[in-house]
Each structure stands twice: as structure tokens, then as C-alpha cells.
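Here is the structure we will look at.
The values are calculated or read from the model by the stated rules, or taken from the named source; none is laboratory data. A quick note: this is a predicted structure, and the numbers were derived from the prediction, not measured. Cβ sites come from the backbone with ideal geometry, for glycine too, and all protein chains shown count toward neighbours. Note: accessible area is taken over every heavy atom of the protein model, side chains too, but ligands, DNA and RNA are not part of it. Shrake-Rupley method; radii C 1.70, N 1.55, O 1.52, S 1.80 Å.
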Amino acid sequence: MLFVLLSLSLAAVAVQERAVDLGHAGDFAVLSTTDYVTCTDGKLTGSIGAAGPVTFTRTTYEGYGETYQNGAVATSSSYAGLQTAFAAFNSANANVSARPAAFSTETDRGTTSIGGLTFTQGTYQWNSYVNIDGDIFLEGTATDVFIIRVVSYLAVAAHVKVHLVGGVVSTNVVWQVGGYVSIGAGSAMEGTLLVNGYISFGAAGRLNGRALANGYVLLPAAIVDEVYNLVEIKKVAAALLLLPLPPSPPPPSSPPPCVWFNVEIFADQKPFETYWALVNHDTRDLVQSQDMAEGGSGCLPDGDYTFTIFDTWGDGINCTADDTVGFAFTISTGYSLDADGVHPILSGCNFGNYSSIRFAVPYLAPPPTPPPSPPPPVTPPS
């Protein structure tokens, strides 16, 4: 009886998945092992590999003009190691296929439409298709691995976002799809697409990860970033861009107060290009960050901070034709934050790749408690 109970207990615990090794397939942001890649009016950060032709069509409207950056186009005639990448794709595909599924999702979830659901680490299996018809949430830590296996096709509706919650990183998210993947206009995906069919993006669709396929890959006005862990990228970038401050005063003996900050963003037509980060240099922690041009607020204790707003295209929040767009980073009044007593406020619109400010929040001791009033004089009896 003890053995039976122990076995049931172990079966109830989800196995910690291992990260997927992409090998040389991971050298590419976009890969087609048998077919072509077409980029139309889009933006790519990373390299492209394809057995067939790689085609770019450029336009001149705002925000575009180059179809890729920070990478190199590779075809079968120009990159000797491309066959190695194809073999690594097949190896990674086989490795993911061989892993036992911790969750049979059609039984456990009861649906193939998963909008609004939250998933914890593990391997999930659908024996048919999957529709992501609303935002979904992958919740866990930076070491948790998420494998989503779909035997048929994966369809992502327009303006849907995959949220990484609690420290989950895109390097540990893999979507293995037996058929095709269709990503709707304006949607934002996270992780590696490991696809046996084709991959197609809608206009302004975004992938923070890699699009690796046996079939063709279509990127019309889409953005693919070979930048996996945006949180870490934001933290490092914000820390490296700024000048040092003078030494901080010794810490106070009593708990410090906090100063409220607020980030407001009025986005242009491409909110997916804008994100920001607030870093505490004393603790090396990321205080807060947001992408998709979302604002934020919070309370800052005594410390050394940097706020940085980034634009992935490099033109800032474009206010050339619309003066109602832009951003503002503000600190609550009532605190002297530098030698001139100025409260750091950073705002603007056409800021290029980034705009940044470094500032200190020193501890301000509360005013001393006044001494108690003397008691009223006592009148002697007559």
C-alpha cells in the first residue's frame, strides 16, 4: 500500500523539463530548411537561412525602409554551414517529439481554443489544432521550460499577446507544430517556432524568438527579433548607457521612504516598437519594465536608478506628423533629487534608439518631533 501511495504522489508532480538545444539552427532568427523566405515591408533582427531564395521588398512609409538588421542573409550558395543548421533543426524537432507529454490538453483543458488561459512549466500536447483567440500567460521562473506540441496547425488571432509571467524567458518556450503556423495582424508571440509546415505573419505581427520551419516563411510587415530575454536585455542596456553618480551617503538606520514614479506613453502607429526599463543600480535589479508602449508606475526607495525608453526601429515615438504622441517619465514632487534640487523629468518623442536619465533618490529623514509642550502653570490655592 505504501508503494502505491508513493507512486501516485510522484505521478502528480510535473517533471522539470530540460531546455531544448537548437544547435546551429539557433544561429538564425528565420530558417526554412526546404523552401523560401519572403520579407515584405518588415523588420528582422538576426540572420536568415533558406534552402530556396530569400526575397526582400522595401517601402518608404514611416518606420520601415530596411527589411533586416544586425544579421546576414544566407542562402545555400553563400553559407557553407547551412546544411548543418538544417540537420540541427531536424535533431531539435526529433528531441521535442520524443519527450513525454505531462499534460494531454484536450483532456485537461477541454478545449482547443486557449485564449485567456495560464500555463505552468511542462510539455503540453494537442492531437489536433490550437486557436489562440485571446491573450495567454506562461507563468513560472527563469529556469522553467514550456513545450507546446500541436499535431495539426496553430492559428493566432489578431492583436493577441503571449505574456511571460514571473521571470519566464523566451529561450525556454518552444512551439512545435506539425502543420502550419498563422500569426494574426498585430499579435506578439514569444519563443521558438519549430514548425514542419509553413509560417505566416500578419501585418505588424511580432515574434520575440526564432521562426524555424521546414516550409516557407512569410514576413509581411512583421517584426522578428532574435533577442530572447527582453527583460535581461533591457536591464543590461539601461545599465550600460549611463554615467556613474557620486558615492551614495551611508544608509539610514530607519527604513527609507519611497518616491512615486509614473510612465505615460502616447504611442504612434507602431506601439510594438517601444519599450522601457527602470533599473536599480544598487541591487542590480530590474524595478519595472513594459513593452508594447504600455505605461507604469510604482514607488522607489532610496537608491541609484536609471530610466531608459527604447525604440526597436530607431526613430523614437514618431511625432513628426502627430504632436499628440510621445512619452513622459515623472517623479513625485517634494523630494530634492540632485544638487540643483531638480526633479528629473524625461519626456519627448523623436528620441532615436533610446532616451535615458540616471538619478538618485536619497533618504530624507522626517522632521524632528517637536518637544512636548510644558504643562500649564498651577495656580496656588488662595
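Keeping every protein chain in place, order His163, His24, His281 by accessible area at 1.4 Å, biggest value first, i.e. largest first. Let's see the in-between values first.
Working: His163 45, His24 100, His281 20 Å².
I get His24, His163, His281, largest accessible area first.
No solvent, one uniform scatterer per C-alpha: report log10 I(q)/I(0) for region 85-221 via the Debye equation at q = 0.11, 0.19 1/Å, two decimals.
Values, matching the q order: -0.34, -1.13.
Going by average Cβ density within 10 Å per residue, which order do the peptides 209-217, 293-301 take, highest to lowest?
Numbers: 209-217: 24.2, 293-301: 15.3.
Put in order of decreasing packing, that is 209-217, 293-301.
Apply the Karplus curve 6.51 cos²θ - 1.76 cosθ + 1.60, θ = phi - 60°, to the phi angles in region 208-216 and return the couplings in whole Hz, x for Gly and Pro.
Couplings: 9, x, 9, 10, 10, 9, 6, x, 6 Hz.
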